[in-house]
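Taking it in order: structure first as structure tokens, then the write-up.
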Amino acid sequence: MLNACQALEDKSQKIIITSYFHTKHNQVVLSIEDQGVGIDQQHLIKLTDPFYTTKRQSGGTGLGLSVSAGIVADHQGQLTFKSTLGKGTKVKLSLPLLQHESEL
């Protein structure tokens, strides 16, 4: 969410948050889509690499998405990214639904 906010260039741009249950894959999905600057494909594949950032000059450490991806993986989930330069980015967080109520 923070990255989506930082990608916006002006107040007329939006962030759209959607959540749903994907019955076919038995997953809960959270989608965050921004209308910001977008991410070049060469950077997109490195987003979750530890210490990778394009914002080092403005205080970025490159740890936010790396740590997030680790937490998601620990819960057997997945983070996926799609982006178009100048049009924005969409991030999906998918987490499997627990099979047994006793696991809650």
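Laboratory data are not the source of any read-out in this text; all were calculated from the coordinates shown. The model shown is predicted, which means the values in this text are computed figures rather than measured ones. Cβ sites come from the backbone with ideal geometry, for glycine too, and all protein chains shown count toward neighbours.
What is the dipole size for the chain, taken about its Cα centre, with +1 at each Lys and Arg Cβ and -1 at each Asp and Glu Cβ, in debye to the nearest 20? Please list the in-between numbers first.
Working: 10 positive and 9 negative charges, 66 e Å.
Using only the charged Cβ atoms, the result is roughly 320 debye.
With loop defined by DSSP as not H, G, I, E or B, and exposure as at most 10 other Cβ atoms within 10 Å, which is the longest segment of the chain clear of exposed trypsin sites (Lys or Arg not before Pro)?
Working: sites that count: 11, 24.
Segment 25-104 is the longest.
What's the lysine pair count for the chain at a Cα cut-off below 26 Å, pairs eight or more apart or interchain?
25
In Å, what Rg and Dmax follow from the Cα atoms of the chain?
15.1, 48
For the stretch 1-95, which chymotrypsin sites (Phe, Trp or Tyr not before Pro) are both in a DSSP coil and crowded by at most 12 other Cβ atoms within 10 Å? It would help to have the intermediate numbers written out before the result.
Values: sites: 20, 21, 51, 52, 81; in loops: 51, 52.
Those satisfying the criteria are 51.
Mind checking the angle between helix 64-74 and the chain's longest principal axis? C-alpha axes, 0 to 90 degrees, to the nearest 10.
Taking Cα atoms only, the helix is inclined about 10 degrees.
Select from 41, 77, 98 the residue farthest towards the positive end of the dipole of the chain; place +1 on Cβ of Lys and Arg, -1 on Cβ of Asp and Glu, and compute about the Cα centre.
The Cα lying farthest towards the positive end belongs to 41.
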